[in-house]
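Below: one structure, written as structure tokens.
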Amino acid sequence: MSLDFFAPCPRGLEAALAAELAETAQQRLPPGALQVGAEVPGGVHFRGNWAGGIAANLHSRIASRVLLKIAQRPYRSEQDIYELAREQRWDQWFTPDETLRVDITAIKSPLRSLEFATLRVKDGICDRMRDKAGARPSIDTAYPDVRVFAFLTANECTLYLDTSGEPLFKRGWRLDKGAAPLRENLAAGILRLTGWTAGTPLYDPMCGSGTFLAEAAQVAQDIAPGLDRRFGFESLKQADMAAWRHLKSEANTARNAAQSKPRDLLIFGSDISDVMLEKARANFKRAGFGNVPLKQLDARNMTPPSDAPGVLVANPPYGERIEVRGRNARGEARPTARELRGDDDEGFRRAKDEAPDAEFFQALGDALKQRFTGWRAFVLTSDRKLPGQLRLREAAKTPLYNGALECRLFRFDLIAGSVRQRPASGGANPAAGKDNGNGDAN
Ligand SMILES: C[S@@+](CC[C@H](N)C(=O)[O-])C[C@H]1O[C@@H](n2cnc3c(N)ncnc32)[C@H](O)[C@@H]1O
């Protein structure tokens with residue numbers, strides 16, 4: 001039986017997800033089990049069998065969910081949506097004893113109330129279940145057994161059954177979060193965009209709760225991201241549980257094999273906050289790896305953690321999210337507002353109104369130029385002026401969304417003798433924005 005799936009992902013990572021799914025198909029599945037289809041804004045379609053859908057849940061680091069397409073039809077009114085929902089054989093998938101939640105996403109839908117449309121999908125499912133199974137499922141919006149997603153365009157309604165349950169970026173190991181942690185699937189997608197592969201040194205000098213590092217360490221140790229969690233398909237009657245047991249057992253074997261041969265992962269992290277480093281350590285322990293060296297350090301004083309150059313990746317504090325913390329260029333301690341208020345427990349605070357710290361980023365740019373020759377640095381930020389503040393010219397920039405926040409992933413190639421620099425944005429240098437041809441500032 002051929003099934004149609006849709007895997008949503010953070011916007012900007014569609015191509016990375018398509019490549020990841022193709023890799024899963026090639027490396028872990030028999031031919032035809034997962035065939036990657038179209039990339040659309042916010043996700044990737046694929047087709048296959050249950051093993052394909054389950055493997056995507058178990059192995060995708062970038063997808064937010066894996067949705068199974070149940071029905072699709074043009075609509076004009078809420079009544080059309082109700083009828084589409086009522087016609088589907090929900091009783092083949094779950095029983096009235098399972099709890100249900102319905103969500104709707106719409107792009108350019110003419111309907112006035114999406115809330116009402118959601119109710120009509122729910123009514124259609126419940127009426128069908130009452131007719132066929134004699135009772136209707138209860139609604140549980142917090143911990144449902146079964147989730148149904150409706151997707152509305154201007155004239156078409158698609159109904160999906162969610163095979164993931166909790167979103168896939170919830171890997172099960174992160175209990176300790178910072179104030180502004182990256183979602184695991186965004187971090188994993190960024191790692192793929194950097195081109196980093198296991199064995200290449202990786203360094204996050206503002207690692208916070210350690211999301212980039214944890215994702216990389218799991219990749220390096222062949223630990224499937226979904227190995228320690230449950231999935232929505234486990235509650236669905238027709239899901240192929242034999243395929244699940246087989247895929248899970250293969251993933252367990254791969255993890256055990258990697259863990260029986262401990263090796264230097266060449267993955268390193270530092271952060272100015274000891275509280276954040278404690279959180280990262282606790283997360284790593286739960287995720288099953290302990291050999292990621294972490295150091296308490298101001299990023300302005302960072303030095304390469306390995307002899308060979310590698311990939312540096314970071315998401316520094318955003319001006320509008322949390323303030324930069326540490327010492328200023330003169331070495332004076334700069335208290336955070338929270339410290340000033342006397343309630344500092346984590347070393348940062350949300351600070352919507354504060355401008356990004358120009359001095360900090362200039363010093364960070366100097367550290368990159370002076371000490372990280374040969375490295376490729378990737379910085380995720382919502383601040384488009386970052387290259388100017390670092391006084392570096394980006395080699396590439398990729399638009400990405402961190403939740404609703406539009407960001408850029410800037411790439412800086414710190415090649416010996418040719419670090420592309422530029423003066424601070426707004427500076428009077430006529431060469432602003434162009435490679436000044438003078439090479440490294442050293
Ligand atoms: C946006 S958070 C990074 C979140 C991280 N990627 C995660 O997933 O948890 C920024 C981090 O920068 C750290 N930080 C702020 N100022 C710093 C400095 N001067 N040197 C090093 N780290 C700093 C903060 O402690 C915080 O953990």
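Only protein atoms count toward the accessible area here, which uses a 1.4 Å probe; on the range 3-162, the carbon and sulfur part of that area reaches 46 percent. For ARG11, nonlocal amide neighbours, meaning residues 5 or more places apart or on other chains whose placed amide H falls under 5 Å from its own, are TYR401. For the range 3-162, the solvent-accessible area of protein heavy atoms averages 44 Å² per residue (probe radius 1.4 Å; ligands and nucleic acids excluded).
May I ask what percent, to the nearest 5, of DSSP beta bridges between residues of the range 134-277 are antiparallel? Taking every DSSP beta bridge with both residues in the range 134-277, the antiparallel ones total about 60 percent. Place a label point 7 angstrom from the Cα of HIS246 along the Cα-to-Cβ direction, then list the residues of the range 55-77 whose backbone nitrogen is under 19 Å away. The answer is 55-60, whose backbone nitrogens lie closer than 19 Å to the label point. Beta-bridge orientation, the range 3-162: approximately 75 percent antiparallel, per DSSP, counting only bridges with both partners inside.
Across the range 89-155, Cα pairs under 8 Å and at least six residues apart give a relative contact order of 56 percent.
A DSSP coil position with no more than 15 other Cβ atoms inside 10 Å describes the following trypsin sites (Lys or Arg not before Pro) in the range 211-255: ARG230, LYS237. Within the assembled protein chains, the solvent-accessible surface assigned to ASP91 is about 40 Å², based on a 1.4 Å probe. Amide H contacts under 5 Å for ILE104: ALA150, restricted to partners 5 or more places along the chain or on a different chain, H placed in the peptide plane at 1.01 Å from N.
The HN-Hα couplings worked out from phi for the range 376-393 by the Karplus form 6.51 cos²θ - 1.76 cosθ + 1.60 (θ = phi - 60°) are 10, 10, 10, 10, 9, 7, 8, 9, 5, 8, 3, x, x, 5, 7, 6, 10, 9 Hz, whole numbers, x standing for Gly and Pro. For the range 248-298, the carbon plus sulfur part of the accessible surface works out to 53%, probe radius 1.4 Å.
Computed log10 I(q)/I(0) for the range 3-162 at 0.11, 0.16, 0.19 Å⁻¹: -0.46, -0.93, -1.17, from the Debye equation with unit scatterers placed on every C-alpha and solvent omitted. Here, the range 222-273 is characterised by an Rg to Rh ratio of 1.17, where Rg is the alpha-carbon radius of gyration and Rh the Kirkwood radius. Which lysines does LYS237 reach when only Cα atoms under 19 Å apart count, and residues fewer than 8 places away in its own chain are ignored? Counting by Cα, and skipping residues close in sequence, LYS237 has these lysines nearby: LYS69, LYS132, LYS248. Pairs from the table (LYS170/LYS285; LYS122/LYS170; LYS279/LYS397; LYS295/LYS369; LYS261/LYS397) lying more than 28 angstrom apart at Cα are LYS279/LYS397; LYS261/LYS397.
Here's how it looks for ASP298: its modeled amide H is under 5 Å from none belonging to a residue 5 or more places away or on a different chain.
The values are calculated or read from the model by the stated rules, or taken from the named source; none is laboratory data. Please read these numbers as outputs of a predicted model, since none were measured by experiment. Every residue, glycine as well, gets a Cβ built from its backbone with ideal geometry; the counts of neighbours run over all protein chains shown. Please note that ligands, DNA and RNA were not included when accessible areas were found on the heavy atoms of the full protein model with its side chains. Shrake-Rupley method; radii C 1.70, N 1.55, O 1.52, S 1.80 Å.
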